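The values are calculated or read from the model by the stated rules, or taken from the named source; none is laboratory data. It should be emphasised that the depicted structure is a prediction, and the values quoted were computed from it without experimental measurement. As a convention, Cβ positions derive from the backbone with ideal geometry for all residues, glycine included, and neighbour counts pool all protein chains shown.
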Amino acid sequence: MQMYRYIIGVGGMACGSCESHVNNEVRKHFPNVSVKSSHLKNQTIIESKEKLDLKEVEQVIINTHYDFLSIEEEIYEKKSFFQKLFKKK
């Protein structure tokens, strides 16, 4: 299954609570995505089945009052559990 991954540089997060705040705001705005933030890596990763508007993603991060630093978009093929389990060696 083709998926889109957005790697967003986010500055100013200091703890797990900050990560949760960013994740919750992203999920409110884009309800059908997977999102994970890391204050140690200064980044948020969003995975979506559909292409997202980069300006919209940027604005959501800015609205959290953390620093928007950068955004990268990549397309990848998500493997199902069975594809991983029975992959050829």
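See the values below:
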| read-out | value |
| --- | --- |
| Residue within region 65-87 that is out of contact with any Phe, Trp or Tyr (no Cβ under 8 Å at 6 or more places or on another chain), of a type in the set (A, V, I, L, M, F, W, C), part of a loop (DSSP other than H, G, I, E, B) and modelled with pLDDT under 95 present | yes |
| The one condition in (1) in contact with a helix residue (DSSP H, G or I) (Cβ under 8 Å, 6 or more places away or on another chain); (2) small (Gly, Ala, Ser); (3) within 20 Å of Gln2 (Cα to Cα) that Ser37 fails to fulfil | (3) |
| Region 19-53, residues that are assigned to a helix (DSSP H, G or I) and more than 13 Å from Gly9 (Cα to Cα) | Ser20, His21, Asn23, Asn24, Glu25, Val26, Arg27, Lys28, His29 |
| Members of region 1-24 that are within 16 Å of Ile61 (Cβ to Cβ) and of a type in the set (Ser, Thr, Tyr) | Tyr6, Ser20 |
| Members of region 1-33 that are more than 19 Å from Leu69 (Cβ to Cβ) and in contact (Cβ under 8 Å) with a residue 40 or more places away in the chain | Met1, Gln2, Met3, Tyr4 |
| Selection status of Gln59, polar (S, T, N, Q) and in contact (Cβ under 8 Å) with a residue 60 or more places away in the chain | no |
